[in-house]
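The block underneath contains the structure these notes are about, expressed in structure tokens.
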Amino acid sequence: MDGGRMPLRDQIRNFILENFILEKPEDLVDDESLLEKGIMDSTGVLELVAFLESTYEIKVEDEELIPENLDSIRNIVNYLERKQALISKPQTAQPSAASQA
């Protein structure tokens, strides 16, 4: 589920560099808006979501499709770390309706 051995930041950065057109790849800064810089558009966000879901085995919910989660490399890494922390926490067992009958 970790998407490989490379740090999350480097994995996200490589995905962006490989899939989006940048005039100067060295100008890709971790905390700058990918949308405002014109690196990604709405279709690019969907490509990013597909990559995140398949690589990290997560589900990006509709309400999570916000700039605070997906608009910069730093935001994406923080979002992934939060999602992975939730997934790795053991869920408390809730009795099912069948076991209560």
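The values are calculated or read from the model by the stated rules, or taken from the named source; none is laboratory data. Treat the numbers as computed from the prediction; the structure is a model and nothing was measured. Cβ: placed from backbone, ideal geometry, glycine included. Neighbour counts: every protein chain shown.
A few comments on the model shown:
- Within the range 41-94, being hydroxyl-bearing (S, T, Y) and within 16 Å of R13 (Cα to Cα) holds for T55, Y56, S72, Y79.
- If you go through the range 15-53 and keep only what is out of contact with any helix residue (DSSP H, G or I) (no Cβ under 9 Å at 6 or more places or on another chain) and under 18 Å from E81 (Cβ atoms), you end up with just E53.
- Number of residues in the range 64-79 that are exposed (fewer than 14 other Cβ atoms within 10 Å of the Cβ) and either assigned to a helix (DSSP H, G or I) or hydroxyl-bearing (S, T, Y) (or both) equals 2.
- Whenever a residue of the range 29-51 is in a loop (DSSP other than H, G, I, E, B) and surrounded by fewer than 12 Cβ atoms within 10 Å (Cβ to Cβ), its partners that are modelled with pLDDT of 95 or more and not basic (K, R), lying with C-beta atoms within less than 6 angstrom and at least six residues away or across chains, give the pairs D31/S72.
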